[in-house]
Amino acid sequence: MIRRLYDWTMGLANTRHALWALAVVSFLESSVFPIPPDVLMIPMIIARPSRAFVIATVALVASVIGGAFGYFIGWGLYESVGQPVLEFYGKTDEFGHFSDTYNQWGAWAVLIAGVTPFPYKVITILSGSTGLHFGVFMVASVIARGLRFFIVAALLWKFGAPIRDFIERRLGLMFTLFVVILLGGFYLVKYL
């Protein structure tokens with residue numbers, strides 16, 4: 001089923017409504033959809049490199065708005081579903097402690113999920129359910145998603161189709177390694 005969904009999403013890149021399709025996929029991917037917007041972005045940018053940064057901007061704006069929707073899913077469902085379940089199992093205090101810890105580091109979680117292969121939708125919903133400050137969430141989302149989409153756009157604009165394999169197979173790993181090195185550097189500076 002995922003393969004059919006992936007193929008269907010790829011097919012959208014060849015339509016005259018590809019930019020709108022990208023906006024819809026970017027929006028939905030930030031809260032519920034399993035296929036990342038890169039699937040549409042890459043063939044769209046290869047086909048029209050002069051529009052690379054317009055395409056990245058559409059993906060960024062739609063993704064951040066979709067992230068806000070995911071945040072409100074977490075916020076709304078926590079009240080109606082999550083909290084009663086926690087109360088039933090006597091875990092309300094533990095969730096409160098988790099929320100405090102998450103909210104202390106939540107901006108980093110949003111940044112990491114926004115640029116790495118970790119599902120961004122999980123963090124958008126979790127941020128809403130824990131009550132991460134919405135402004136912090138939005139700023140971190142803009143930075144993270146902007147980095148991700150504009151780096152992909154810049155690589156494709158500069159190198160074209162030959163860089164496609166690297167982006168599809170290795171860019172997520174490169175982003176993840178960058179985050180690990182960055183966090184390791186912060187840890188070393190703070191604790192050593």
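The values are calculated or read from the model by the stated rules, or taken from the named source; none is laboratory data. Everything numeric in this text was worked out from a predicted model, so none of it was measured. With ideal geometry, Cβ positions are generated from the backbone for all residues, glycine too; neighbour counts draw on all protein chains shown. Note: accessible area is taken over every heavy atom of the protein model, side chains too, but ligands, DNA and RNA are not part of it. Shrake-Rupley method; radii C 1.70, N 1.55, O 1.52, S 1.80 Å.
Could you please state how large a percent of the accessible area of the range 1-155 is carbon and sulfur, counting protein chains only and using a 1.4 Å probe? Provide the component values of the computation, followed by the final result.
Numbers: 5630 of 7850 Å².
Of all accessible area on the range 1-155, carbon and sulfur atoms account for 72 percent.
Using θ = phi - 60° and the Karplus curve 6.51 cos²θ - 1.76 cosθ + 1.60, what whole-Hz ³J(HN,Hα) does each residue of the range 35-40 get, with Gly and Pro shown as x?
Taking θ as phi minus 60°, the curve returns 9, x, x, 4, 4, 8 Hz for the range 35-40.
Along the positive direction of the dipole of the range 42-110 (beta-carbon charges: Lys, Arg +1; Asp, Glu -1; about the Cα centre), which of Trp108, Gly66, His97 reaches farthest?
Of the listed residues, the answer is Gly66.
Could you tell me the distance between the Cα centroids of the range 135-165 and the range 52-81, to the nearest Å?
The two parts, judged by their Cα centres, are 16 Å apart.
At 1.4 Å probe radius, can you tell me the per residue accessible area of the range 1-141 in Å²?
Values: 7360 Å² over 141 residues.
On a per-residue basis, 52 Å².
Let's test this: bin the Cα-Cα distances of the range 1-150 at 10 Å from zero up to the farthest pair and state each bin's percent.
12, 38, 29, 15, 5, 1
Stretched out fully, how many nm does the piece from Ala47 to Ile143 gain, at 0.36 nm a residue minus the Cα gap? Mind showing how you got there, number by number?
Values: separation 96, 0.36 × 96 = 34.56 nm, distance 2.64 nm.
Going from the current span to full extension adds 31.9 nm.
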